[in-house]
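All remarks here apply to the structure that follows.
The values are calculated or read from the model by the stated rules, or taken from the named source; none is laboratory data. Nothing here was measured: the structure is a model prediction, and the numbers come from that model. As a convention, Cβ positions derive from the backbone with ideal geometry for all residues, glycine included, and neighbour counts pool all protein chains shown.
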Amino acid sequence: MPVTSPETQRRLATYSQRMPAGSRLYEQGETLDHFFVVTRGEVLFEAVSEQGETEVVARATAGQLVGHVSAISQHPTSAAARVAHEVAVLVLPVASLEEVLSKAPELAVQLVYYFAGVEEVPEADQDAPPDPQGRTDDPDLVRIPTPYDLDTFFTDTATCPVSQTRFEFLRVRTRAVRPSERESDFHVRYHGVDPTRYGVVVCPHCGFASYWDDFTRVDESVRGRLWDDREARMALAGGPLHGIRDQDAAVRVLELAIRCYETRGANDSRRAVLQHRRAWLERDAGNAATERSWLTLARDSYQRAFEHDTRISEEAAARVAYLVGDISVRLGDYQEAAQWLETAVRVAPKTASGIMRTARDRLQDVRDAIKRERLAS
């Protein structure tokens, strides 16, 4: 019997709630003490992309569980859960799980299947190809060069628009992502694998590096310049980068991406994201001086994007203004930070309540710091 059957809903009626459009079940990075079963409508999962934009990474419809991994394992949620249109859900406290399961034993079965790893795969992973070790040989396909954990990764394939090489690359399974901490400039630390290290796809033959969303969109006028630069890129790569990536490999991947996007005429928004990501790697390595240099470059690029990119949405503009302000705090420029955080609050649309709230909180921190400086002088 499905969890959304009328009989089950009747037995669990005390846990039923309606959620209006625009409401959030939880934010990314929260640790929950309850989880949800969707009984009507659709819930959207949102996360910050490599480009700094909020994007929908999966969906849950009637009969599917939401937030159960965090609630039971006490790991932070890997994405935020938002209601696009009114939904009906069961809100099930973990503290009352024994009572809930006694009324809905089919839910217990569903949870057992999930934590045994044989539940229907979430939408974000449904297109994952089968285990590459079980596929037939393809002599023209460049394989992943190193062993990898099949519970953490799956392989996808790409054709390089510069060299026409067909190759495998690794993608991180959604269920393997376990955030542990989210910093004020959106840098997320993870338990285990860091999915941001795998956001850029790198051709093993010519070193062309790009985010997947525009990997194949290379202008003919640029392709020749990218081909002519391949030897320099391969020297920078120092070996294949389409498999497992440690800290050093992640740095080389971003260096290649920055080089390729400059050749392609990257806009300031793309440039800022790459520079900011590069600063995060230096932070992870504990290199404060180098991190500061990359943060300065990223802040300048974000500022130019805010001032000159006419295609940027209102919500993205608020996020960019916030990042200029937050990075200014990290660079010790509190007056500049206050101005940009005030701008973020002012330009944020009503639909961007999260970034508005975050900017206000950060602005209060900055004002407190300015007061302390004045008292100390």
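Observations
- Here 282, 262 are screened, and the one residue that is crowded, with 18+ Cβ neighbours inside 10 Å and among the acidic types (Asp, Glu) is 282.
- Across the range 159-170, the number of residues qualifying as assigned to a strand (DSSP E or B) and surrounded by fewer than 20 Cβ atoms within 10 Å (Cβ to Cβ) comes to 2.
- Members of the range 240-295 that are of a type in the set (Gly, Ala, Ser) and in contact (Cβ under 8 Å) with a residue 60 or more places away in the chain: 243, 269, 272
- In the range 318-365, the residues that are in contact with an Asp or Glu (Cβ under 9 Å, 6 or more places away or on another chain) and basic (Lys, Arg): 319, 330, 362
- Any hit, the range 222-233, residues being assigned to a loop (DSSP other than H, G, I, E, B) and touching a residue at least 40 places away in the same chain (Cβ under 8 Å): no
- Cross-chain or 6+ apart pairs with Cβ under 6 Å, the range 99-121 first and outside any helix (DSSP H, G or I), then at pLDDT below 75: 119/113
- Scanning the range 1-24 for residues that are more than 26 Å from residue 199 (Cβ to Cβ), outside any helix (DSSP H, G or I) and modelled with pLDDT of 80 or more turns up 12, 16, 17, 18, 19, 20, 21, 22, 23.
- Scanning the range 242-276 for residues that are under 21 Å from residue 171 (Cβ atoms) and among the polar types (S, T, N, Q) returns a single hit, 247.
Residue by residue, here is whether (1) closer than 17 Å to residue 188 by Cα; (2) not charged (D, E, K, R) holds:
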position	(1), (2)
259	no, no
269	no, yes
284	yes, no
331	no, yes
366	no, yes
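- Residue within the range 236-243 that is in a helix (DSSP H, G or I) and either farther than 22 Å from residue 336 by Cβ or assigned by TED's automatic domain parsing to the domain that holds residue 181 (or both) present: yes
- From the options 201, 218, residue that is closer than 13 Å to residue 160 by Cβ and in a strand (DSSP E or B): 201
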